[in-house]
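These notes are about the structure you will find just below.
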Amino acid sequence: MKKLVYFLDDKINLITVLFLFWSFYWGLNGLDKFFNGKSELLLAGWATKGTIVDLKEDGSPNKPVYKIQPSAKVGWFGVNRDDKMAMYFRTLHMPRWVAIASLYFFAVAEIILGLMFFALFLWGLRHEDVRESSVNMFSDRTVHRLAFKGSVLIFVAFSAGDILFGDRMELWEHGTFLVMTLVTYDMWYKSDRFFLELRRKRLEGIDDDDLDNSRQASSYKLKQEEE
């Protein structure tokens, strides 16, 4: 059991998990725009919002005459993004086709970002020697930087739209996720610099006993000590 815990700790660090989070966040948000919910009438008894009854002469209820049943968006994501975006753009007196074009432009961009973060997640699971010995856009951190820059740009665009559309709740939400993106970037950058510096020391044969105190750090040794 102890070896399994160490194995999981060595293979999956917090940054890798955060890459998985952002891949789900962007991927599902992008797909959300392609799966619009449809309004359906809910006839179930538990959904009844009110009842209109016929009263007797003494004022006591006789029997229900009408029931007030709600409608709800039903679908994979439960929201009709086409209508919601068109409603936003209508406040700026812009046609529906502009709203739909903007919606699906961002949808494709979000899916691409989701795929980029998922690729970073998979790359992070590879053995350290394989990762850092190769020369590509992952090893020189180009994909990392583009993924974070793209995320910040989209949140900036969303925030500008929220201000123009007057949706303060959406502005608060997008601002919060923008801060989360910057925090994730800071965590990734600092930890990446640390592990690259540790690898450089190992390659140069520099022994730093203090680094051995960290199980995660010691996993970046060129050769693992036999237990």
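The values are calculated or read from the model by the stated rules, or taken from the named source; none is laboratory data. Note that the structure is a prediction, hence the values are computed from the model and not measured. Ideal geometry is used to build each Cβ from the backbone, glycine not excepted, and the neighbour counts take in all protein chains shown.
Where residues in the stretch 78-129 are surrounded by 16 or more Cβ atoms within 10 Å (Cβ to Cβ) and touching a Gly at 6+ places or on another chain (Cβ under 6 Å), which of them is modelled with the lowest pLDDT?
The selected residue is Asn80.
Within the stretch 130-168, which residues are under 30 Å from His93 (Cβ atoms), of a type in the set (A, V, I, L, M) and surrounded by fewer than 16 Cβ atoms within 10 Å (Cβ to Cβ)?
Val152, Leu153, Val156, Ala157, Ala160, Ile163, Leu164
Yes or no, residue by residue, for (1) at pLDDT 55 or above; (2) in contact with a strand residue (DSSP E or B) (Cβ under 9 Å, 6 or more places away or on another chain); (3) within 20 Å of Glu128 (Cα to Cα):
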| site | (1), (2), (3) |
| --- | --- |
| Met169 | yes, no, no |
| Thr184 | yes, no, no |
| Lys201 | yes, no, yes |
| Lys221 | no, no, yes |
